[in-house]
Amino acid sequence: MSLERSIEELGAARIINGAGTLTRLGASPIDPQIAAAMAAAAGWSVDIAELQALASTRIAQATGAEAGIVTAGAMAGLLLGAAACIAGLDPVKMARLPHTRGLRREFIVPRSHRNSYDHGVRAAGARLLEVGLADRLTGCGVRDTEAWEIESAIGERTAGVLWLARADARPSLESVVRVAHTAGLPVLVDAAAELPPVENLRRYIAAGADLVVFSGGKSLGGPSASGILCGRRTLIASALLQQLDLDYRSEEWEPPASLIDRSALAGVPRHGIGRACKVGKEQIVGLLLALERFVAQPADLRRAHQEEIVALLVNALAPLPALHLTSTRDPAHGDLPLLELRLDARAGLDASELAARLRRQRPAVHVDATAADLGRLVLVPTCLAPADVPLIARAMAAALSSGVPEPIGGAAGSDGVPRVPGVPGAPGVPGAPGVSGRAGAQGGPGAPGVRRQV
């Protein structure tokens, strides 16, 4: 296969991603400079342990943690973090995982923090012990799990506490850290989708978390299969040891002393449970460069680009009948600009059907349909470029009419942008005499607690 062969030549269909940095849609676009750095790294041979130790220094600088490593995504970080809490620096315990009978293997977790991704913790052999009641989320009251309930659940088999980072998370991380550290237990924070704002890179470590997980393939803009695990040096060392290729004779093994204290180990550990989550030199280099750029880029500059996309979408979609537009922001993710779409009765279909019709267009258009059952769709600008806007408008027009896929092409205007034949209005947007969409003022971000894939 030639290096020039593209995804399209492999037979994969391109999509327009207005749903955010979802892994199933390829996560975030990678900047050409980062892709070039990854391609350059692919041509080198390098000691992966040494490269991870160098990465640890960069990650520590960005997060305020003692150490950090690059992982194969955020869920891999959860697995490695849990494995580190259970096994520590004991090679015998490392070799046993995920068989944890007789070990300290329980992670206490507030009931409202349970989610599908905590399977990563359970995959290490951990058992999750739920505490509290989420009355505020069920509509039955105002309370959620409280720190004293976590404290009351601590026992001889407790390995740590799992805390899911959300803008409205309860109990507070600070209160959880207090009760966990009083008992000598680590706190593992899942902050996979909590960037931006950039301040969150340091927030959880500053609050006392022992391990924090971030996704690398979302707003960081790194490789899709990358992530960060940062925290206490001894726990990071354990996580790395359970990920690395350790096929060494004992006398030959020289781990990077800046991260791994060999004298604290009884011997060279066997391949650990995290070996299945290995990362390559290309992922490490790509993630580090993406992290560096994310930290250096002013938030206003990032937001301005996203606002430009939303403004273009408003102009292109406003002439469509039965479509009501509202520009909103998500304060939980650095005031991320969003475009909310609602339909009125003239549309003759609901939000879920509109989202399905958009996915059937060519190219397919994906939107955030999290709140479709409430009649609301959202266009997220993080993976969109200005050139995508007329394609989204064309697809939306076709979906609102018959739902029949509208092929790319047709007559172009003087600006070279394809037009819908015989229809005036914005590029690729069919108008309707006397009927237009409505662009509203800025509003709220939608349902609280949503982990937006930014």
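Out of the residues in region 336-352 that are of a type in the set (Asp, Glu) and surrounded by fewer than 17 Cβ atoms within 10 Å (Cβ to Cβ), state the one that is modelled with the highest pLDDT. Of everything passing the filter in region 336-352, Asp350 is modelled with the highest pLDDT.
Taking the residues in region 282-304 that are touching a residue at least 60 places away in the same chain (Cβ under 8 Å) and surrounded by fewer than 22 Cβ atoms within 10 Å (Cβ to Cβ) as candidates, determine which candidate is nearest to Leu343 (Cα to Cα). Per the stated criteria, the residue is Arg302.
Here are some residues: Leu229, Leu201, Leu195. Which one is assigned to a loop (DSSP other than H, G, I, E, B), at negative phi and either touching a Gly at 6+ places or on another chain (Cβ under 7 Å) or assigned by TED's automatic domain parsing to the domain that holds Lys93 (or both)? The conditions single out Leu195. Checking each residue in region 308-342 for being without any contact (Cβ under 8 Å) to a residue 60 or more places away in the chain and either over 21 Å from the mean Cα position of the chain (by Cα) or in a helix (DSSP H, G or I) (or both) picks out Ala311, Leu341, Arg342.
For every residue, the table says whether it meets (1) surrounded by fewer than 22 Cβ atoms within 10 Å (Cβ to Cβ); (2) at pLDDT below 95.
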| site | (1), (2) |
| --- | --- |
| Ser2 | yes, yes |
| Ala36 | yes, no |
| Ile48 | yes, no |
| Ala72 | no, no |
| Val92 | yes, no |
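Within the option set Val109, Val92, being hydrophobic (A, V, I, L, M, F, W, C) and closer than 22 Å to Ala180 by Cα holds for one residue only, Val109. Scanning region 232-256 for residues that are of a type in the set (A, V, I, L, M) and either assigned to a helix (DSSP H, G or I) or closer than 30 Å to Gln297 by Cβ (or both) yields Leu235, Ile236, Ala237, Ala239, Leu240, Leu241. Quick one: count up the residues across region 71-98 that are over 28 Å from the mean Cα position of the chain (by Cα) and either part of a loop (DSSP other than H, G, I, E, B) or charged (D, E, K, R) (or both). Summing the residues that are over 28 Å from the mean Cα position of the chain (by Cα) and either part of a loop (DSSP other than H, G, I, E, B) or charged (D, E, K, R) (or both) in region 71-98 gives 4. Of all residues in region 297-307, which are part of a helix (DSSP H, G or I) and of a type outside the set (Lys, Arg)? Those that are part of a helix (DSSP H, G or I) and of a type outside the set (Lys, Arg): Ala299, Asp300, Leu301, Ala304, His305, Gln306, Glu307. Determine whether region 165-174 contains at least one residue that is at pLDDT 95 or above, surrounded by fewer than 16 Cβ atoms within 10 Å (Cβ to Cβ) and charged (D, E, K, R). Checked against the condition, which is being at pLDDT 95 or above, surrounded by fewer than 16 Cβ atoms within 10 Å (Cβ to Cβ) and charged (D, E, K, R), region 165-174 yields at least one hit. When the residues of region 238-260 are filtered to those that are under 32 Å from the mean Cα position of the chain (by Cα) and free of Cβ contacts under 8 Å to residues at least 60 places away in the same chain, the one that is farthest from Gly68 (Cα to Cα) is Leu246. Scan region 4-34 residue by residue and report those that are assigned to a helix (DSSP H, G or I) and exposed (fewer than 13 other Cβ atoms within 10 Å of the Cβ). Within region 4-34, Glu8, Glu9, Leu10, Arg24, Pro32, Gln33 meet the criteria.
The values are calculated or read from the model by the stated rules, or taken from the named source; none is laboratory data. Small disclaimer: the values here were computed from a predicted structure and weren't measured. Backbone-built Cβ (ideal geometry, glycine too); neighbour counts: all protein chains shown.
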